[in-house]
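Read the structure below first, then the notes.
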Amino acid sequence: MVKKRFTPEVLSVSERLRSFGEVVLGYDYETSVREASRCLRCPLWFAPCSKACPLKVKVPAFLEYIVKGDLEAAARKVYEDNLFPSITGRVCPQEWFCEGNCVVSKIGESVSVGLLERYVGDYARENGLDEKILAEMVSKNSGVKGRVAVVGSGPAGLSVAGWLRLRGYEVVVYEALHRPGGVLAYGIPEFRLPRSVLDHELKKIENLGVEIRLNHVVGKTVLLSELTSEYDAVFIGSGAGTPKLLDVPGVDLNNIYTANEFLTRVNLMRAHLFPEWDTPINVGKTTVIIGGGNTAMDAARVALRLGSKPVVVYRRDREDMLKTARRDEVLHAEEEGVEFKYYLQPVEFIGDENGFVKAVKFEVMEPLNELDQRGKKKIVGTGRYVEIPADAVVIAIGLEPNRVLMEESGLRFNEDGTIAVDDHLMTSLPGVFAGGDAIRGESTVVEAMADGKRAAEEIDLYVRRKKELA
């Protein structure tokens, strides 16, 4: 057995910095067969990779079809559990799920499940097989079982909409922005998730019969109470779009962005194409990014492509950073020339005479010999300080759930602002379900999609029981 995984083709660093083109180009057919052949074919009742997958994709089964050269069968097997393999294959942190639990990792490097799922998803997408499979799946349910409203068109909303449609429901998605996709559209740069891929996946769901209504802010332009009276059930997948802020002096200086705003300006409003597009973005020579998760990596790599020198500053060390950021994203950032500084905590933003940020003051931190509840090193301030020059700052320390719905009575919320749900993903309002970051806080795309998949089952049970009792 080959102990090392096969390396996908990637753009050279010089090519990456000239554009927002996709960096990881994936496997070709021959490489996908060789990589899939590394799988030990654990039986499905045992397979740790499948058990660790939030969507419960039958990994050994679809890899076996790749080895046999039957890519249609591989795609059909994936689509039994995952409607968006071209997305999850690109953005899911597989090292935390399937690949992190791969049996092969006991004797070598784990099988590259994510790249293989992406290969199968792209094959289906490029050959029209995905829509054929979905059309066959939806045709098994004749008639309309009920009507469901979905709040938000991010990963949780798209997932629940797709699975409900396959079960025979009429689904209407209410999206607050002018473009669907949620965090997939505004939060993930094109060099990780090309717009052409996302656009295809969105069109695929619409072609199933899902209606997406844009510029509809539930809680403002349309009330939740209106949806509950019009539909048999409602699903809230409004995500975690409220940025966490730093409570330090100078945070209101010009050219200090939240990562949410910074990435939205580029990913959704095309600020990198200004003045061809209307939205500008100012970065200058040096951009300091505060944070160490995937969003911080995205912001740093975007700043680099905008012509700025990015400096990522994290309050712990690289080892702890890899518990919140994908290893590949960190490695790509390092390859591209992003500078990293560790054990620094921001205490003040320093401005010039015109109100623009010119530097960030940090306290030097040091680790203690104990871990916090998340398994990261506890840290303490040393009383020593350093300043780092900055023409722009991006604060990437996390997100909280959107709070617009809090203004409407009835929904119960947890202390952290997430929507409280029971074991069936139902909120305090009968017939109103929720999932994704709205109930988890900031999490992963694949976990949000898994919530959507499970919510579709729960909603189906709820609606059928309600109609039986009517």
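Out of curiosity, is residue 31 surrounded by fewer than 21 Cβ atoms within 10 Å (Cβ to Cβ), over 26 Å from the mean Cα position of the chain (by Cα) and closer than 29 Å to residue 196 by Cβ? Against the criterion (surrounded by fewer than 21 Cβ atoms within 10 Å (Cβ to Cβ), over 26 Å from the mean Cα position of the chain (by Cα) and closer than 29 Å to residue 196 by Cβ), residue 31 qualifies. When segment 301-322 is filtered for residues that are touching an Asp or Glu at 6+ places or on another chain (Cβ under 8 Å) and in contact (Cβ under 8 Å) with a residue 40 or more places away in the chain, the ones remaining, listed by number, are 301, 304, 308, 311.
Residues in segment 11-31 that are closer than 24 Å to residue 75 by Cβ, touching a helix residue (DSSP H, G or I) at 6+ places or on another chain (Cβ under 8 Å) and in a loop (DSSP other than H, G, I, E, B): 1 in all. Name the residue that is farthest from residue 129 (Cα to Cα), counting only residues in segment 83-111 that are among the small types (Gly, Ala, Ser) and assigned to a helix (DSSP H, G or I). It comes out as 105. Annotation note: Cβ proximity below 9 Å between a residue of segment 206-222 that is on the phi > 0 side of the Ramachandran plot and touching a residue at least 60 places away in the same chain (Cβ under 8 Å) and a residue that is of a type in the set (Asp, Glu) and not in a strand (DSSP E or B) (sequence gap 6+ or interchain) occurs for 219/407; 219/408. If I filter segment 274-291 for residues that are in the same structural domain as residue 327 (by TED's automatic domain parsing), under 20 Å from residue 329 (Cβ atoms) and among the aromatic types (Phe, Trp, Tyr), do I get at least one hit? Scanning segment 274-291 turns up no residue that is in the same structural domain as residue 327 (by TED's automatic domain parsing), under 20 Å from residue 329 (Cβ atoms) and among the aromatic types (Phe, Trp, Tyr). Listed by position, the strands (runs of 3 or more DSSP E) inside segment 164-246 whose residues that are among the hydrophobic types (A, V, I, L, M, F, W, C) and either buried (at least 23 other Cβ atoms within 10 Å of the Cβ) or outside the structural domain of residue 128 (by TED's automatic domain parsing) (or both) number at least 2 are 170-174, 233-236.
Here residue 140 clears all of (1) outside the structural domain of residue 43 (by TED's automatic domain parsing); (2) touching a Ser or Thr at 6+ places or on another chain (Cβ under 9 Å) except the condition numbered (2).
Looking only at residues in segment 66-76 that are over 23 Å from the mean Cα position of the chain (by Cα) and either touching a residue at least 40 places away in the same chain (Cβ under 8 Å) or closer than 23 Å to residue 91 by Cα (or both), the one that is surrounded by the most Cβ atoms within 10 Å (Cβ to Cβ) is 74.
Please work out which residue is modelled with the lowest pLDDT, limiting yourself to segment 112-152 and to residues that are of a type in the set (Ser, Thr, Tyr) and part of a helix (DSSP H, G or I). Quick ask: steps written out before the conclusion?
Residues of segment 112-152 that are of a type in the set (Ser, Thr, Tyr), as a first pass: 112, 119, 123, 139, 142.
When the remaining residues are screened for being part of a helix (DSSP H, G or I), the result is 119, 123, 139.
Numbers: 119: 99, 123: 99, 139: 87.
Out of the qualifying residues, it is 139.
Filter segment 3-33 down to the residues that are among the polar types (S, T, N, Q) and free of Cβ contacts under 8 Å to residues at least 40 places away in the same chain and list them by number. Once the filter is applied, which keeps residues that are among the polar types (S, T, N, Q) and free of Cβ contacts under 8 Å to residues at least 40 places away in the same chain, segment 3-33 yields 7, 12, 14, 31. Check residue 423 against each of (1) charged (D, E, K, R); (2) more than 19 Å from residue 234 (Cβ to Cβ); (3) part of a loop (DSSP other than H, G, I, E, B) and name the one condition it does not meet. Result: residue 423 passes all but (2). Here residue 423 meets the list (1) in contact with a helix residue (DSSP H, G or I) (Cβ under 6 Å, 6 or more places away or on another chain); (2) of a type outside the set (A, V, I, L, M); (3) more than 13 Å from residue 154 (Cα to Cα); (4) surrounded by fewer than 20 Cβ atoms within 10 Å (Cβ to Cβ) almost entirely, failing just condition (1). Checked against the criterion of being outside the structural domain of residue 449 (by TED's automatic domain parsing) and touching a strand residue (DSSP E or B) at 6+ places or on another chain (Cβ under 6 Å), segment 45-52 has no qualifying residue. Among the residues of segment 265-284, those identified as under 17 Å from the mean Cα position of the chain (by Cα) and either buried (at least 20 other Cβ atoms within 10 Å of the Cβ) or of a type in the set (Phe, Trp, Tyr) (or both) are 266, 267.
Filtered by the rule that a residue be part of a helix (DSSP H, G or I) and either buried (at least 21 other Cβ atoms within 10 Å of the Cβ) or in contact with a Ser or Thr (Cβ under 8 Å, 6 or more places away or on another chain) (or both), segment 289-316 gives 294, 295, 296, 297, 298, 299, 300, 301, 302, 303, 305.
Looking only at residues in segment 372-382 that are free of Cβ contacts under 8 Å to residues at least 40 places away in the same chain and more than 18 Å from residue 249 (Cβ to Cβ), which one is farthest from the chain's Cα centre (by Cα)? Checked segment 372-382; the qualifying residue farthest from the chain's Cα centre (by Cα) is 382.
Looking at segment 45-58, which of its residues are in a loop (DSSP other than H, G, I, E, B) and within 27 Å of the chain's Cα centre (by Cα)? Don't jump to the end; show me each part of the working.
From segment 45-58, those in a loop (DSSP other than H, G, I, E, B) are 45-47, 53-58; that's our starting set.
Scanning segment 45-58 gives 47, 53, 54, 55, 56, 57, 58.
It is to be established whether one or more residues within segment 317-332 are buried (at least 18 other Cβ atoms within 10 Å of the Cβ), part of a strand (DSSP E or B), at pLDDT 95 or above and not aliphatic (A, V, I, L, M). No - not one qualifying residue is present in segment 317-332.
Search segment 333-364 for residues being over 30 Å from the mean Cα position of the chain (by Cα) and small (Gly, Ala, Ser), and hand back the single one that is surrounded by the most Cβ atoms within 10 Å (Cβ to Cβ). Only one residue fits best here, namely 359.
The values are calculated or read from the model by the stated rules, or taken from the named source; none is laboratory data. Small disclaimer: the values here were computed from a predicted structure and weren't measured. Note that each Cβ is placed from the backbone with ideal geometry, even for glycine, and that neighbours are counted across all protein chains shown.
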